[in-house]
Structure formats: C-alpha cells, structure tokens
Amino acid sequence: MKINTNGISLEQAAAAYLQGAPESTKPGKRADGKSFAEILNEKGEELNGVKFSKHAAERLFDRNIRLSDEQLTRLNNGTKEAESKGIDSSLVMVDDLAFIVNTGSRTVVTAMDPANNDKNIFTNIDGAVIA
C-alpha cells in the first residue's frame, strides 16, 4: 500500500532522501563511513583469520548478532582445524551460532542463530567443527 502526500509516495521520499544523504548516514554505514562488513573483515584480518562474505555480514547485521573477540578467535581456530582436516566447506559451531565457512578462502558464507534456524539442517558441507 502506498500513501501519497502531495503526489510523492513514501518510497519516493525515502529514495530522494537517501540519494541526497551523506554516505555515512545511509543504512548499514557508521559515522566513519565503514559498513558492518568492512568492520568485521578488518577484525578478522587483525586476527589473521576469516573474512565475511557480504551475505554473511548482512545476516549478522539483520539478526543483531554480535561476536565477541573470544567467539571470533574460536571461529578462526575452528576454521583452521577444519582446513587442517581437509574439509572444504565446514559448519563451524560457536556457542549457539552456526557458520558455514569456505576453508580454502577462509570466508564465512553465512551465519545463523537459533532463532533463525529452527530445523537445524545444514547442506552442502563436508565436515563440522564445534569450536
């Protein structure tokens, strides 16, 4: 349903606002201009660890999942362990969070929490690590 005010829909007004808004005030951007994905990937690089795909970063952001430094370290260690065992696509469990990781590129492909994974079914993986 569209509500028009003076011939302009809410969608049009929002689009006009966002087009004219500074990059740092657009959704998904912080005041310093960095996106959630950029911050996650910088943190991973600091720990010499995993990167997050755009999809995975969006899932974490949308679901308000915040990883502590300790959890990120465990995710990195679980990814290294999976890689050392020859696993190409791994499920890495950290507490109640599930991550599908491409070990070759060390990239988290997607992330799930219990609220968004009611069936506990994971496909297209060839191994799992509980970190």
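Criterion applied to 90, 68, 84 was being surrounded by 11 or more Cβ atoms within 10 Å (Cβ to Cβ) and either free of Cβ contacts under 8 Å to residues at least 60 places away in the same chain or aromatic (Phe, Trp, Tyr) (or both), and the one residue passing it is 90. The single condition from (1) free of Cβ contacts under 8 Å to residues at least 40 places away in the same chain; (2) over 16 Å from residue 64 (Cβ atoms); (3) of a type in the set (A, V, I, L, M) that residue 129 fails is (1).
Read-outs throughout are calculated quantities, based only on the coordinates presented, and are distinct from any laboratory measurement. Computed from a prediction, not measured in an experiment: that's the story for all the values here. Ideal geometry is used to build each Cβ from the backbone, glycine not excepted, and the neighbour counts take in all protein chains shown.
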